[in-house]
2 protein chains.
Amino acid sequence: MPLEALRWDLTPAGLHYLLIHYDIPAVDPATWRLAVGGSVGRELSLSLADLRARPSVTAAVTLECAGNGRAQLSPRPLSQPWLLEAVGTAEWTGTPLSGLLEEAGVEGSAVEVLFEALDRGVEGGEEQTYARSLPLAEALRDEMLLAYAMNGAPLPPQHGFPLRLVVPGWYGMASVKWLHRITVLDSPFEGYQQARGYRLRQTPSEEGEPVSRMLPRSLMVPPGIPDFATRERRLEPGVHPVRGRAWSGFGAVERVAVSADGGESWSDARLGRQVGRWAWRSWEWDWRVEEPGLYELCCRATDSAGSSQPLEPPWNLGGYANNEVQRVPVVVSGGPQGS
Amino acid sequence: MPLEALRWDLTPAGLHYLLIHYDIPAVDPATWRLAVGGSVGRELSLSLADLRARPSVTAAVTLECAGNGRAQLSPRPLSQPWLLEAVGTAEWTGTPLSGLLEEAGVEGSAVEVLFEALDRGVEGGEEQTYARSLPLAEALRDEMLLAYAMNGAPLPPQHGFPLRLVVPGWYGMASVKWLHRITVLDSPFEGYQQARGYRLRQTPSEEGEPVSRMLPRSLMVPPGIPDFATRERRLEPGVHPVRGRAWSGFGAVERVAVSADGGESWSDARLGRQVGRWAWRSWEWDWRVEEPGLYELCCRATDSAGSSQPLEPPWNLGGYANNEVQRVPVVVSGGPQGS
C-alpha cells in the first residue's frame, strides 16, 4: 500500500496535517537518503537499509513539547494551546548518532551539528524547512539516537517517518522529525527555529535565552471520577491512591511532593520504577481524606540538580517551559449515602 | 508488562486521561468479560478469547466525532474545541454483533439494544457510566462489529481496549468504547448520553432531535506550504493538485465540488478509490492558478441521498454535526522570483 494511502486511511490520527508545525511530508522510503556533510573528513549518504544495518540501540525516552502547559498561561501566548497533554514516553530504536559522526570524521573546527528536516513552511515571514542545531558536545553524547522505530514498529508518519533524531533530556523541538540532512558547522546556526523560535523572552525585541533541557515536572492521574464540564474530580471519603509520573532533563528525579490543600502542606510520594535513565519515573501517594468538601491536589517534583517546580507559572512570550505545579480540584462527597 | 505500565510508558498519547469524555478505564484482559442479557432467551458471558474464537470480520470504517468542527461555531459551544481533526479511518477487526444477538435469542418484545461501557463520570449532575442504545433494526445490521483489533493490533487503550462497538455510518458517540455489557431492551433507553447528550437543540429546554448518522463532509489537504501562525497556504502560480477525502453516513459520496473563489464557482473533483463501503472516499482536483493574490479553496461533498454540505455552519447548543464547507485561505505569490 502506498504511503499516501497509509497516511490517510489507516492512521487513527486521521487528517493530522493541521496539528503540527508545518505539514507531515510524504516520504518514499525507497528513495529517501540521509546525508551527512559539512566539516567532516568524509561525506556520507545512507539509505534506510544502511541505517538499519548499523549497530542498534533501544531506549525508553520521555519527550515533552516546550509548549506543554502554554494554555494555562495568561495572557495566553499565540501558538498551539497545549494543556498538559504534550508529553509521552516511547521506546525508540535506532543507531547512535556518535558512531555516524565518528565515521564521517568531525573536523577540529566544528562547533555545532545541524539537523535539517523535510517539513516546510513560513514562520516569522521566513520560508524555511524545519531545522535545529545542537552544540557539538551535546551531539556527541552517547545517548543521541537516529531513530527509525517507535515501540517496536516503524515510526508513524506523525512521529517523523522514516527517521528522527531523539535528544534525551531536551524539550521535543530538538528531536527533529523527518530528518534528511546532518551538517557539521564551524559557526553557530542562525536559522529561525534556533535564533528566533524557542527563545525565552518577555518582549519581541529581546534576544532571549534558548530553550534546551526539560525543567522538572510531575503530573498526576488524580483519584475519583471526573465531572465532564468542570474537570473537577469526585470521590467519597476514604484512602485514595494518587499516581503519577515525573521527569527532568537536568538530573534524576529525587523527590515528588504531594499536597491536598493547594500547596499549604506537602507529603512525599513513594518513587517507583523508571524504565530508563531518560524516561519519566513513576510515583504514588495514598491520600486519606475523611471530611467532605473541596480540595486541591498538587504535585511537585525536585531533581538531583536541586530544581523544583514553581508554584506560579513562569510566563514568557512564546509560552515555553511552563512547568508550574499541577493543580486538580477534587470534591469529596458526604459518603456512600449521598453527596 | 501490566496494562498500567503499557498505558503510561509506551503510548505516544501519554497522559491522555484529560482528552476524553471520562477516564480511560484500566482493564485486566484476563478477567474482563462481555455480558449479553435483557430480553433474550439465553444470557451470555464471553471472555476475550471467546470473542476471538468467533467468526471474524475486518472492515475499514471512518469514525467522526459528532463534535468535529465545534470550534468553528460562534458562539462557541462548551465542550471539546475540535477544529477538523476529530475524524479518522482504521481497519477494525472483530466479530459481528448480529451473530451474538442471534445466539442469545432476541425476544419479540425488544425495541432497542443498550451498550454499556466501563468509563465513569459525572455529566449534567448525574453520575454515570457511558452508555448508549441503538434501535433494534440498527443493532441487527450486518456491519455492526464488536471490535477487538484496530489496524491489525489489539485496540489501544484510548480506542477502547479490550472491546468496542463499531457502528458504521454513525457519528462516533455510538461506537461505545470499553464495552462490557449488552442489554436487549423492551423500552427506549433514557440515560443521559441518549436523552440529554447528543441532541440537536437551540435552547436547553428543547428535547431536541437525536444525533445519529454522519452528515456528508469533505476535507482537503490543501496545496502549498503553511504559514505557521495564520495557517494560510502559500504557493506559486502553476497547477497544484488538491486532494482530500469525503464521507457520509446517509449514502455513498457521489460528488465532490471544489471552489477556488470562496464558493462563487465550483468544479467537480475526480472521485477515487474507497477502501470499503463505510470508509471515506478519496478525491483529487487540479487547481490551475496564474494570478498572484489571495484565494479561498473550498470543498463540498454530495451523497446519494441528495444531501450537500451547507455554506454556513448549522449552529446548535452542543455544537454537533457541523459539516459546513471547509474553507482554506491561499496566498499565491508573484512566481519563483519573489512573492
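Laboratory data are not the source of any read-out in this text; all were calculated from the coordinates shown. As the structure is a computational prediction, the values presented were derived from the model and not from experiment. Using ideal geometry, Cβ is built from the backbone for each residue, glycine included, and neighbour counts are taken over all protein chains shown.
For A:Ala137, which inter-copy label distances result when the label point lies 7 Å beyond Cα on the Cα-to-Cβ vector, reported in nm to one decimal and in ascending order?
When each copy's label point is compared with this one, the spacings are 7.5 nm.
5 Å is the cut-off here: which amide hydrogens, built 1.01 Å from N in the peptide plane, fall below it relative to B:Leu200, excluding neighbours closer than 5 in sequence?
HN-HN under 5 Å from B:Leu200: B:Glu209, B:Val211.
Assuming R0 = 51 Å, what is the FRET efficiency of B:Ser56 and B:Ala229, from their Cβ-Cβ distance, to the nearest 0.05?
0.60
Please compute the average number of Cβ atoms from other chains found within 10 Å of each residue's Cβ in peptide A:81-88.
That average works out to 4.
Could you work out the relative contact order of chain B, using alpha carbon pairs under 8 angstrom and six or more residues apart, expressed as a whole percent?
Rounded, it is 17 percent for chain B.
Divide the volume of the convex hull of the Cα atoms of the range A:117-239 by its number of residues and quote the answer in cubic angstrom per residue.
Cα-based convex hull of the range A:117-239, divided per residue, equals 220 Å³.
Compute the distance in nm between two label points, each set 7 Å from the Cα along the Cα-to-Cβ direction, one at A:Glu190 and one at B:Ala35.
According to this spin-label approximation, the distance is 7.1 nm.
Quick one: what are the phi-derived ³J(HN,Hα) couplings along the range A:216-224, Karplus 6.51/-1.76/1.60 with θ = phi - 60°, whole Hz, x for glycine and proline?
Listing the rounded values in order: x, 8, 10, 10, 10, 9, x, x, x Hz.
Provide the convex hull volume over Cα atoms per residue for the range B:147-188, in Å³.
On the way: hull volume 3.6 nm³, N = 42.
It is 87 Å³ per residue.
Need the C-alpha centroid separation for the range B:272-302 versus the range A:101-162, integer Å.
Each part reduced to its Cα centre gives a spacing of 34 Å.
Computed FRET efficiency, Cβ-Cβ of A:Trp315 and B:Leu311, R0 51 Å: what is it to the nearest 0.05? Could the numbers behind the result be given before it?
On the way: r = 41 Å, r/R0 = 0.80.
After rounding to 0.05, the efficiency reads 0.80.
Relative contact order for the range A:150-277: what percent, with Cα pairs under 8 Å and sequence separation of 6 or more?
Relative contact order for the range A:150-277 comes out at 16 percent.
Using the 7 Å Cα-to-Cβ label point, sort the distances from B:Gly272 to its equivalents in the other copies shortest first and give them in nm to one decimal.
Output for B:Gly272: 4.5 nm, nearest copy listed first.
Beyond 50 Å, how much of the Cα-Cα pair distribution for the protein assembly as shown remains, as a whole percent?
14
Could you grab the Rg to Rh ratio for the range A:167-268? Cα atoms only, Kirkwood for Rh.
When Rh is taken as the Kirkwood radius, the ratio is 1.12.
Cα-Cα pairs above 20 Å in the range B:78-162: how many percent?
Value for the range B:78-162 (Cα pairs over 20 Å): 53 percent.
Taking the label point as lying 7 angstrom from Cα along the Cα-to-Cβ axis, what are the distances from A:Asp286 to the corresponding position in the remaining copies, in ascending order and in nanometres?
A:Asp286 label point versus its equivalents elsewhere: 7.2 nm.
I'm a student and want to see the number: the projected area of the Cα convex hull of chain B, averaged over all directions, in nm². Could the numbers behind the result be given before it?
Details: hull surface 77.6 nm².
Projected area, direction-averaged: 19.4 nm².
Given the DSSP H assignment, sum -39500 (n - 2.57) over each helix run of at least 4 residues in chain A and divide by its residue total; what's the result at 222 nm in deg cm²/dmol, nearest 500?
The helix contribution divided over chain A gives -2000 deg cm²/dmol.
Under 5 Å between amide H atoms, partner at least 5 residues away or on a different chain: which partners does B:Ala279 have, H built in plane at 1.01 Å?
Correct list: B:Thr62.
Can you list the residues, at least 5 places off or on another chain, whose amide H is less than 5 Å from the amide H of B:Trp170, using H built in the peptide plane?
B:Met214
Take every residue in peptide A:218-227, count the Cβ atoms of other chains within 10 Å of its Cβ, and give the average of those counts.
Values: counts 0, 4, 2, 9, 2, 0, 4, 9, 11, 7.
Whole-number average of other-chain Cβ neighbours for A:218-227 is 5.
May I ask you to sort A:Asp28, A:Asp303 by Cβ crowding, counting other Cβ atoms within 10 Å and putting the fewest first? It would help to have the intermediate numbers written out before the result.
On the way: A:Asp28 10, A:Asp303 22.
Ordered by Cβ neighbours within 10 Å, fewest first: A:Asp28, A:Asp303.
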